[in-house]
Amino acid sequence: MYQPTSKDIQVLRDRARQLGAQLARHQQGRLSDDELRPLRLQNGLYIQRHAPMLRIAIAYGMLRTDQLRCLANVAERFDRSYGHWTTRQNMQLNWIAVEDVPQALEILAEVGLHGIQSSGNCLRNITSDAFAGIAPDELFDPRPYAELLRQWSSFHPELSFLPRKFKVAFTATPEDRALVQIHDLAFEAITSEPVASFRVRIGGGLGRTPILGPVVRESLPWEDLLCYTHAVMRVYNELGRRDNLTKARIKILVRSVGVEAFRDMVEAEFKSLKQAGIDRVRIEDLDRVRAQFLDPDWRLASVDTNLAQSSDDPLFERWLRRNRKPHKIAGMAAIVIPIKGTGRPPGDITSDEMRKLADLSDRFSQGFVRVTHSQDLVFPAVPLAKLEELYQALQAIGFAQPIQGLIGDMVACPGGDFCALANARSLPIADEIAKRYASLDEQENLGPLELKISGCMNSCGHHHIGHIGILGVDKDGAAFYQLLLGGHSGHGDRAALGKIVGRAFSEAEIPDAVEAILDEYLESRRRGETFNQALERMGPATFIEAANAVRQKVTLPSTASSAGD
Amino acid sequence: MTDLMIDLANASLCAAKIPELRFDASDVERPWLSNINPDDAVALHFGRINDGRGYSLACRLREQHPRLELHAIGHIHEDMIYFLRRCGFRYAHLLDRTNSVVERQAGDELKELLFPFSYEYQLSAGDEQFKKQKVDTTKHLKDISA
């Protein structure tokens, strides 16, 4: 992963000091609330429902254990001793005091962490495939390119007050594990190094208007990465809507002018910037960034690549089957550690747990950790010979659940318990469903299933791309939940947006509705058929009927009967 | 608006003088663009703090006319001057505000506001190197790894 230079660290210190001065000017009446808002948001500092929230960027999901321990310490010292992994490879602290944020950022700066552009109407934390650099199916490691763009976009003076937020993702594999189709701008590798090039998608996103990003450029040479991004963002900065917040994302601009016209505008701007020699990148520049990347010592890989299969413990075998992911190095494994389970909001982790996992990563994964889009962690460099020992160590601290990709590995935003934007609570729904499917056998029996829950239209829980999605809506002050079926994130198959099925359910009904749908699946599926395959074969009607049957179990308030229509 | 303006290039204050040529930074229709002369003084008016169109417009103008004298007027507060400087504005006319760097003529704080970072990751339209044009725009990448 990228090792920050002394200059990088100094810039992070500068940034923490700058925020402290801005907060002081606000206190002195020199900055109004409205003037401070974009400045604090660009440091990841929100004012939430109950308290301020600090969002800390984990650049393209890569962490070292000293950083994980620092997060643990900061959460303990300034928050309530826990943090929350988000669906965009960030950590959120939900109870930090505003006046403590500059000091927290100063401490985080020393290990290369920050909140820079993790929020606000600017280019946000750049994300990537959590298995980048270790995936056997990738054309090349996309992280140095993401780092090039991260540096270029940091405090970019022209592009810090965009019409709306702007999310960027990179991937270098045919399978989309970086959710590229739901990003404002996404780069997909199409040719290998040294002549690396990317397919460019622009205008994807979820929210109120979910759109899978169209391809705007079939091939972009890597040297033009910064210049082309500049062109895209300049066109968006100048032409994106600023009169209506819900229509301000770039996807609305692309849709309103059409992909062809948008492409023409970007190409004209690109040509102009390129002619001026702006943002040109050379191989030396890429090599310098690449030289700052430190990988695990792959020589520690096990020589005997069959060791992992030699155990007699069926629970270990099950854990391996679910949580071990393919690795480009023979004798090494990537292990997913789900941060899920009953009584645990998806992605929530205590300071104590962070430290324990950091210790295990030092023992088994050379101190490297990764954060996934599904709110889990990954140990990316575990020798096969150490797998059973790691499994036992994880089991001892409650992190050996063999549920990766199963219903227990569900995704949920913090919802109405924390977020000021939410219409409904996500976490009680997640917990109730987790309880009903606490049995590992039942989860295995259901097979691969992505359940994703958002507390509002902003879709931080990615409900549109869940096989089953749940969206919290407000109806006359009461929380209701719409069900979506048939979405897909792109893992293992093409991405698809789920469709809303019928009227919304009450908080009491929604877990029953999910259970009824899954019961119907178990009853109707053919041998080996996944939930989404069954849904595609049978169509949604049977499942909707099963879900609607639960409505009879409770009496709805009359005002809520039309919710979600 | 005070009777002083900030010289963004020199981190100093001087007597305010707003150019005759004034345009709305948020205006997307810009028929006047083709009539700008290379040595003109032009004021761009910022109507709202969150409207970033003025920054792109300034960069665009600087790319075409490196010698242009750009002034920022309108809703401009202290914490915007870093962005203005880097996008090629030469002067900023701040809103009149008690205890501001302009009112207190606080030179040290003005420097901090204009140069908050010990390092800048990208070349931009307000940078000295940029004005020379055709410079090595990737200098930042070399520096950061040095």
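The values are calculated or read from the model by the stated rules, or taken from the named source; none is laboratory data. As the structure is a prediction and not an experimental result, all values here were calculated from the model. No Cβ is skipped: glycine too gets one built from the backbone with ideal geometry, and neighbour counts run over all protein chains shown.
So the values come out like this:
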quantity	calculated
Filter result (within 13 Å of chain A (Cβ to nearest Cβ) and out of contact with any strand residue (DSSP E or B) (no Cβ under 7 Å at 6 or more places or on another chain)) within segment B:36-61	B:48, B:49, B:50, B:51, B:52, B:53, B:55, B:56, B:59, B:60
Qualifying residue in segment A:38-53 (condition: within 14 Å of chain B (Cβ to nearest Cβ), among the hydrophobic types (A, V, I, L, M, F, W, C) and either surrounded by 17 or more Cβ atoms within 10 Å (Cβ to Cβ) or part of a helix (DSSP H, G or I) (or both))	yes
Residue in segment A:535-542 that is surrounded by fewer than 22 Cβ atoms within 10 Å (Cβ to Cβ), closer than 20 Å to residue A:405 by Cα and polar (S, T, N, Q) present	no
Whichever residue in segment A:4-37 is among the small types (Gly, Ala, Ser) and surrounded by fewer than 20 Cβ atoms within 10 Å (Cβ to Cβ) and, among such residues, is farthest from residue B:97 (Cα to Cα)	A:6
Some residue of segment B:68-82 being free of Cβ contacts under 8 Å to residues at least 40 places away in the same chain, closer than 28 Å to residue A:123 by Cβ and of a type in the set (D, E, K, R)	yes
Sole exception among (1) over 16 Å from residue A:406 (Cβ atoms); (2) not in a loop (DSSP other than H, G, I, E, B) for residue A:526, by number	(2)
Residues (outside any helix (DSSP H, G or I) and over 14 Å from residue A:515 (Cα atoms)) located in segment A:451-466	A:452, A:453, A:454, A:455, A:456, A:457, A:458, A:459, A:460, A:461, A:462, A:466
Verdict on residue A:411 being in contact with a strand residue (DSSP E or B) (Cβ under 8 Å, 6 or more places away or on another chain) and within 23 Å of residue A:506 (Cα to Cα)	yes
Residue among A:194, A:163 that is touching a helix residue (DSSP H, G or I) at 6+ places or on another chain (Cβ under 9 Å) and under 27 Å from residue A:44 (Cβ atoms)	A:163
Within segment A:77-194, strands (runs of 3 or more DSSP E) holding 2 or more residues that are more than 20 Å from the chain's Cα centre (by Cα)	A:185-191
Residues within segment A:257-288 that are away from chain B (no Cβ under 14 Å) and closer than 13 Å to residue A:217 by Cβ, tallied	6
Among residues of segment B:1-16, those that are buried (at least 16 other Cβ atoms within 10 Å of the Cβ), part of a loop (DSSP other than H, G, I, E, B) and away from chain A (no Cβ under 14 Å), counted	2
Leading residue by the ranking (surrounded by the most Cβ atoms within 10 Å (Cβ to Cβ)) among those in segment B:54-112 that are under 19 Å from residue A:237 (Cα atoms) and among the hydroxyl-bearing types (Ser, Thr, Tyr)	B:55
Any hit, segment A:443-456, residues being surrounded by fewer than 24 Cβ atoms within 10 Å (Cβ to Cβ), modelled with pLDDT of 95 or more, among the small types (Gly, Ala, Ser) and more than 25 Å from residue A:93 (Cα to Cα)	yes
Positions within segment A:481-518 being under 16 Å from residue A:422 (Cα atoms) and either in contact with a helix residue (DSSP H, G or I) (Cβ under 6 Å, 6 or more places away or on another chain) or free of Cβ contacts under 8 Å to residues at least 24 places away in the same chain (or both), in sequence order	A:481
Flag if residue B:19 is at pLDDT 95 or above, out of contact with any Pro (no Cβ under 9 Å at 6 or more places or on another chain) and more than 10 Å from chain A (Cβ to nearest Cβ)	yes
Contacts under 6 angstrom Cβ, first residue in segment B:110-131 being within 7 Å of another protein chain (Cβ to nearest Cβ) and free of Cβ contacts under 8 Å to residues at least 40 places away in the same chain, partner of a type in the set (A, V, I, L, M) and surrounded by 18 or more Cβ atoms within 10 Å (Cβ to Cβ), 6 or more apart	B:117/A:11; B:119/A:11
